[in-house]
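To start, the structure under review is shown below, and the notes come after it.
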Amino acid sequence: MVKLTPPMGWNSWNTYGENINEQLIRETADAMVSQGLLEKGYEYLVIDDCWALKERDQNDRLVADPEKFPNGMKAVADYVHGKGLKFGMYSCAGNLTCAGYPGSFEHEFIDAETFAEWGVDFLKYDYCYHSPIIHGKYLYRRMGLALENCGRDILLSACSWGDDETQEWIKSTGASMWRSTGDIYDTWESVKDLVRQQEKLHPYNGVGCFNDMDMLIVGMYGKGNVGLKGCTDTQYKTHFSIWAMMGSPLMIGCDIRNMNAETKAILTNEELIRINQDRACRQPVKIRGNWMVDDENQLRYYKQLENGDIAIGLFNLSEEKVAMWVNLDELGLPHSTGKTLEAKEVWTGEKTVVKNAILRKEIAPHDCAVFRARVVNQ
Ligand code: GLA
């Protein structure tokens, strides 16, 4: 299966961990539609770890836990499909999943068949308890091949956290996305940490196989499975903006049945989703702004978009208000061209016209500004 833009959806892990069941999944499917998320592009509903029984059946098949999923997984998939959504599940390249349920090692083809029978469209494939002898590239190759031959289009979402130089071999396995970072937690420090882990990996991102910076924590406010301190709405806004700008898959992790207005506004920002889903899928490029300052807490990124527009992201990770600026020369638009840049900020809608080669914006601590800009003649 070939996916042309970063996958978007919802995953159960961040908020629910092992506390998943059919009712929750049905209500979440309902909410994805009624809250308008599907309409914005969030199409995959993914059940993460802890859905199975600890033992396979007599035919060596995985079995859904009947207490959590009394009607079986096919019924869940049918319900999800009935809502116009796609259905995702989880397994692992090791003997066990990270939470200790059966993994797919040496069962890759039979499990791919089971997932196909159930109507699965997406498989997150983890890396815990994997063989110390067989290299990860062979383990992901196996499941990639099994999925391509299971009779159903199932997207492979690799989750080896960037270990064993994943970026060097993951595209060859058939994966459409791969976890390029460790696990996210609901703290500002975790967001900053993942952004740094990502920096050297941008060149590997692109059409068909996307760097996955992990599920979003927007709207968790410290509640749930990976909820620790929680973040402010400003921090969530910056987190979402960075993930969108960097071309990461956008997998929501909060309780979408009970989102507040701020959470919903962040997750459904149309201009950012458009930048994230830009069909060219070019890598984001880090720019320096002020040549004299290389402050790791002031991040500036730009990305050239499919129609010649330019996305510019200014992310103030520091504790102080700062004036951040971008020299348009770095974007390929030196003063000598005589061109002007017309920029619209995606959160405020504010328009700026840059005639003097410098885009400048004051940004509050932990806040950001993202522009969609257009080259014009005057
Ligand atoms: C790993 C993954 C997480 C989640 C858990 C489930 O830690 O990185 O995203 O899937 O396993 O146990």
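The values are calculated or read from the model by the stated rules, or taken from the named source; none is laboratory data. Note that this is a predicted model, so its numbers are computed, not measured. A quick note on method: Cβ atoms are made from the backbone with ideal geometry, for glycine too, and the neighbour counts reach across all protein chains shown. These accessible areas exclude ligands, DNA and RNA; they are computed on the full protein's heavy atoms, side chains included. Shrake-Rupley method; radii C 1.70, N 1.55, O 1.52, S 1.80 Å.
Selection of first residues in the range 168-186 that are open to solvent by less than 10 Å² (accessible area, probe 1.4 Å) and within 16 Å of the ligand (Cβ to nearest atom) and of second residues that are of a type in the set (V, I, T) and at pLDDT 95 or above, restricted to Cβ pairs under 7 Å at least 6 apart or on distinct chains, gives the following pairs, ordered by first then second residue: W178/T166; W178/I170; I184/I217; I184/V226; D186/I217; D186/V226.
Which residue, of V195, V191, is away from the ligand (no atom under 16 Å from the Cβ) and surrounded by 20 or more Cβ atoms within 10 Å (Cβ to Cβ)? Checking each option against the conditions leaves just V195.
Only residues that are closer than 16 Å to D49 by Cβ, of a type in the set (D, E, K, R) and away from the ligand (no atom under 14 Å from the Cβ) were counted in the range 94-126, giving 1. Checked against (1) open to solvent by less than 50 Å² (accessible area, probe 1.4 Å); (2) among the hydrophobic types (A, V, I, L, M, F, W, C); (3) away from the ligand (no atom under 16 Å from the Cβ); (4) outside any loop (DSSP other than H, G, I, E, B), W10 meets all criteria but (3). Can you tell me which residue in the range 331-353 is nearest to Q298 (Cα to Cα), limited to those that are touching a residue at least 12 places away in the same chain (Cβ under 8 Å), of a type in the set (D, E, K, R) and open to solvent by 50 Å² or more (accessible area, probe 1.4 Å)? So the residue we want is K344. The condition (being within 15 Å of the ligand (Cβ to nearest atom), more than 17 Å from L201 (Cα to Cα) and in the same structural domain as Y44 (by TED's automatic domain parsing)) is satisfied by just one residue among Y129, Y138: Y129. Test D49 against the criterion of being of a type in the set (D, E, K, R), crowded, with 20+ Cβ neighbours inside 10 Å and either within 14 Å of the ligand (Cβ to nearest atom) or modelled with pLDDT under 95 (or both), and give yes or no. Yes.
Do you know which of the residues in the range 13-46 that are more than 18 Å from D126 (Cβ to Cβ) and among the acidic types (D, E) is farthest from the ligand (Cβ to nearest atom)? Here the residue is E39.
Per-residue answers, yes or no, for (1) in a loop (DSSP other than H, G, I, E, B); (2) open to solvent by 10 Å² or more (accessible area, probe 1.4 Å); (3) small (G, A, S):
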{"residue": "C254", "(1), (2), (3)": "yes, no, no"}
{"residue": "R257", "(1), (2), (3)": "no, yes, no"}
{"residue": "I275", "(1), (2), (3)": "no, no, no"}
{"residue": "D278", "(1), (2), (3)": "yes, yes, no"}
{"residue": "R282", "(1), (2), (3)": "yes, yes, no"}
{"residue": "L299", "(1), (2), (3)": "no, no, no"}
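Among the candidates N290, N327, N356, the residue that is open to solvent by 80 Å² or more (accessible area, probe 1.4 Å) and at pLDDT below 95 is uniquely N356.
Under the condition of being part of a helix (DSSP H, G or I), within 17 Å of the chain's Cα centre (by Cα) and touching a residue at least 40 places away in the same chain (Cβ under 8 Å), the residues counted in the range 205-238 number 3.
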